[in-house]
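S.K.: Dumping the structure here so I can ask a few things about it.
The values are calculated or read from the model by the stated rules, or taken from the named source; none is laboratory data. Owing to the predicted nature of the structure, the values given are computational and were not obtained by experimental measurement. Methodologically, a virtual Cβ is constructed for each residue, glycine included, from the backbone with ideal geometry; neighbour enumeration extends over all protein chains shown.
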Amino acid sequence: MFSCTNSGKNEEKEWSGNPVFEGWYADPEVIVYDDKYWIYPTFSAPYEEQVKFDCFSSPDLVNWTKHENIIDTSEVKWAHRAMWAPGVISKEGKYYFFFAANDVHPGEVGGIGVSVADQPEGPYKDLLGEPLISENVNGAQPIDQFVFKDVDGSFYMFYGGWSHCNVVKLNDDFTGLEPLPNGEMFLEVTPEGYVEGPVMFIRNGKYYFMWSEGGWTGPDYRVAYAISDNPFGPFERVGTVLQQDPEVATGAGHHSVLNIPGTDEWYAVYHRRPLTETSPHHRVTCIDKMEFNEDGKILPVKITDKGVMARQID
């Protein structure tokens, strides 16, 4: 592992800068483990080169340490390309890393896998030796999984590409699925405009469902959201909250959400394409503040080059 910096000496930095660490990384999943911030991104490269994952940790959102090759195709025997879009969660002292592999189409081997480790930086071991979900259900390609812990301790997984999103309930050890509260195994929750990249969080008793719209290779990739009283919707689109700024960067999307524990401070962790780049694979991971108005609606996120101020967990 090594320390990642953007400029200047670590001890003198007060702002993260964007991107927050070097390299082509997309689809960042952010989480807090053990009083540190962790980001698990996609290694952004042509599909045949997407055969491993790195992750990054920080005590303050500014100084990041890279942990290389936490899992790859030598461990996941059924995966051979297009490993992307991590989803992460911890439970009972174990750390779980969900991922999609092979850009699976009907009749092919691939889909959503799950792995486990004893520490956040891995190494992660393939839990099942096969995909957790491999079939297209309700038109949703099995990719872009987001694992969500509800207030009652239940673990749900939102996932789906090709403009369809499903929710499923994970069993106790994440080795399979169990029926949802309505008795179904798969429930489609696709909102208007949905393409991929689902995210859910709770604030003030409301369930915020977010997703990416547009094409990931283009400048108009963006994030929209809905609000519901429960994790199953219905989800009515409120509006776009994260998108390109032609003066800063394009293709801003496929995000995750960070809430500083014990506070009402929120951040969007997302990828975007620098103005100097045209390759669809040249994407970088960034952080900017996410704020709300008095009635709970999300204000448009201003994407910046400065990023966010140093913030340790209290």
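S.K.: Only one of these is buried (at least 17 other Cβ atoms within 10 Å of the Cβ), of a type in the set (S, T, Y) and without any contact (Cβ under 8 Å) to a residue 40 or more places away in the chain: T285, T278, T250. Name it.
M.R.: T250
S.K.: Ok, one more. Looking at G193, G233, G197, which one is in contact with an Asp or Glu (Cβ under 7 Å, 6 or more places away or on another chain), in a loop (DSSP other than H, G, I, E, B) and surrounded by 15 or more Cβ atoms within 10 Å (Cβ to Cβ)?
M.R.: Step by step, each of G193, G233, G197 is checked, and only G193 is in contact with an Asp or Glu (Cβ under 7 Å, 6 or more places away or on another chain), in a loop (DSSP other than H, G, I, E, B) and surrounded by 15 or more Cβ atoms within 10 Å (Cβ to Cβ).
S.K.: Here's another thing I want to ask about it. Report yes if N136 is touching a Pro at 6+ places or on another chain (Cβ under 8 Å) and either surrounded by 21 or more Cβ atoms within 10 Å (Cβ to Cβ) or modelled with pLDDT of 95 or more (or both), otherwise no.
M.R.: yes
S.K.: So W216 passes all but one of these: (1) under 17 Å from the mean Cα position of the chain (by Cα); (2) assigned to a loop (DSSP other than H, G, I, E, B); (3) free of Cβ contacts under 8 Å to residues at least 60 places away in the same chain; (4) closer than 23 Å to L299 by Cα. Which condition number does it fail?
M.R.: With (1) under 17 Å from the mean Cα position of the chain (by Cα); (2) assigned to a loop (DSSP other than H, G, I, E, B); (3) free of Cβ contacts under 8 Å to residues at least 60 places away in the same chain; (4) closer than 23 Å to L299 by Cα applied to W216, the lone miss is (3).
S.K.: Follow-up question, since we're still on this one. Is there a residue in region 65-79 that is closer than 18 Å to H255 by Cβ and either hydroxyl-bearing (S, T, Y) or surrounded by fewer than 19 Cβ atoms within 10 Å (Cβ to Cβ) (or both)?
M.R.: no
S.K.: May I ask you to say which residue of N293, N259, N230 is within 19 Å of the chain's Cα centre (by Cα) and over 25 Å from A45 (Cα atoms)?
M.R.: One residue alone meets the criteria, N259.
S.K.: State whether one or more residues within region 265-281 are of a type in the set (D, E, K, R) and under 18 Å from the mean Cα position of the chain (by Cα).
M.R.: yes
S.K.: Let me spell it out: the conditions are (1) within 21 Å of the chain's Cα centre (by Cα); (2) within 25 Å of W216 (Cα to Cα), and I313 meets all of them except one. Which number is the exception?
M.R.: (2)
S.K.: Here's something else I'd like to know. If we scan region 273-280, do we find a residue that is in contact with a Ser or Thr (Cβ under 8 Å, 6 or more places away or on another chain) and closer than 17 Å to V20 by Cα?
M.R.: Yes - at least one qualifying residue is present in region 273-280.
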